[in-house]
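One structure below.
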């Protein structure tokens, strides 16, 4: 296996790309979706089950892991991969997004952020240097630079001030990261929904130099139309020969639209969180298994899906265990959702390679628009 991290583009279709991000722990096929393992676990899933869905990489969370069980403890126990029994690549976010959500518990300065733990109220500090140290202790393969992510909507002045500080923090992150063969550091573009600010941010990141580039500050309240408006130009502002990662996105139609606009990597809590709340993502769109129409339905969630949930259990059973609040409901629906996301990514990769992405996207949208319209009590064929 490679001792370094490199990115190869194997095919293009319009602005979309498909390729491989090579790491010492294994290849990441792009476009890629990263299941979120916030606290060293993808909720309701065994690591081997996550791997069985086709996931090449997981995301871990710096903020949550630094608080509990602490990065130092994970390091003493052999690093995050060994700790959570995941031998494939791991990307860790920097903690910036979580700190944003703690606005009432934080103090922001040029140095970094001090905040109170949401767990016990204890005081902590994250700076670019400390974020790099935490992620080094965790042993993640892809490290994110520390940034501030303002919630939208916000004034252009607020967004500009935040972006420029994030760029100064990016330079400090790059210096603190140092030279770590086999590990990559990604910069994060900010600038809200303003093209000139996005261009300024991209220029600053290019000057610093990173192994990959994330598009941050989206999916924070601006809506899909505004997000796609940014993605119409933002990926093209970043280096063409490096992976592009859209942070915190998203719904299946968000992902398809973003791939068409040149994005390579995604993460989102939606498939696992939805699995715990009775929501299934399918080719026909989202299904709420709690609805009474499923209680006598012998069909699977998705008759074309090959996951264990769909091949072994009926909608009627899933409805029952969800209503009864049995743990297996979260397990099965999460497995299905993660399988669906990985199947979607495989379809996108194949379509880009074949030059048929527009046809794939049209069929995807048509199926979801038609919806899941079978009558109550429909019999399986």
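Take the conditions (1) crowded, with 18+ Cβ neighbours inside 10 Å; (2) not in a loop (DSSP other than H, G, I, E, B); residue 222 misses just one of them, which is (2). If I filter segment 74-89 for residues that are at pLDDT 95 or above, surrounded by fewer than 20 Cβ atoms within 10 Å (Cβ to Cβ), part of a strand (DSSP E or B) and in contact with a helix residue (DSSP H, G or I) (Cβ under 8 Å, 6 or more places away or on another chain), do I get at least one hit? No, there is no match, as no residue in segment 74-89 is at pLDDT 95 or above, surrounded by fewer than 20 Cβ atoms within 10 Å (Cβ to Cβ), part of a strand (DSSP E or B) and in contact with a helix residue (DSSP H, G or I) (Cβ under 8 Å, 6 or more places away or on another chain). Considering segment 246-275, and only residues there that are free of Cβ contacts under 8 Å to residues at least 60 places away in the same chain and crowded, with 24+ Cβ neighbours inside 10 Å, the residue that is farthest from residue 361 (Cα to Cα) turns out to be 246.
Among the residues of this structure, residue 300 does not count as one that is in contact with a strand residue (DSSP E or B) (Cβ under 9 Å, 6 or more places away or on another chain), surrounded by fewer than 23 Cβ atoms within 10 Å (Cβ to Cβ) and outside any helix (DSSP H, G or I). Given the structure, is residue 5 in contact (Cβ under 8 Å) with a residue 60 or more places away in the chain, buried (at least 17 other Cβ atoms within 10 Å of the Cβ) and closer than 15 Å to residue 265 by Cβ? Yes: the conditions hold for residue 5. Of the residues making up segment 44-73, those that are part of a loop (DSSP other than H, G, I, E, B) and surrounded by fewer than 18 Cβ atoms within 10 Å (Cβ to Cβ) number 5.
Residues in segment 315-329 that are surrounded by fewer than 21 Cβ atoms within 10 Å (Cβ to Cβ), closer than 26 Å to residue 251 by Cβ and touching a residue at least 24 places away in the same chain (Cβ under 8 Å): 2 in all. Restricting attention to segment 6-35, which residues are over 21 Å from residue 255 (Cα atoms) and either in a strand (DSSP E or B) or outside the structural domain of residue 181 (by TED's automatic domain parsing) (or both)? The answer is 6, 22, 23, 26.
Taking the criterion of being touching a strand residue (DSSP E or B) at 6+ places or on another chain (Cβ under 9 Å), surrounded by fewer than 22 Cβ atoms within 10 Å (Cβ to Cβ) and outside any loop (DSSP other than H, G, I, E, B), the only residue of segment 136-146 that qualifies is 136. Tallying residues that are under 15 Å from residue 162 (Cα atoms), without any contact (Cβ under 8 Å) to a residue 40 or more places away in the chain and in a strand (DSSP E or B) within segment 107-134 yields 2.
For every residue, the table says whether it meets (1) more than 19 Å from residue 227 (Cα to Cα); (2) exposed (fewer than 14 other Cβ atoms within 10 Å of the Cβ).
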| residue | (1), (2) |
| --- | --- |
| 113 | yes, no |
| 120 | yes, yes |
| 129 | yes, no |
| 148 | no, no |
| 159 | no, no |
| 165 | yes, no |
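Out of 18, 30, 41, report the one residue that is closer than 30 Å to residue 355 by Cα and out of contact with any helix residue (DSSP H, G or I) (no Cβ under 6 Å at 6 or more places or on another chain).
30
Among the numbered conditions (1) surrounded by 21 or more Cβ atoms within 10 Å (Cβ to Cβ); (2) under 12 Å from residue 138 (Cβ atoms); (3) out of contact with any strand residue (DSSP E or B) (no Cβ under 9 Å at 6 or more places or on another chain), the only one that residue 16 does not meet is (2).
The values are calculated or read from the model by the stated rules, or taken from the named source; none is laboratory data. Keep in mind that what you see is a predicted model, and the values were worked out from it rather than measured. In this analysis, Cβ positions are derived from the backbone assuming ideal geometry, glycine residues included, and neighbour counts consider all displayed protein chains.
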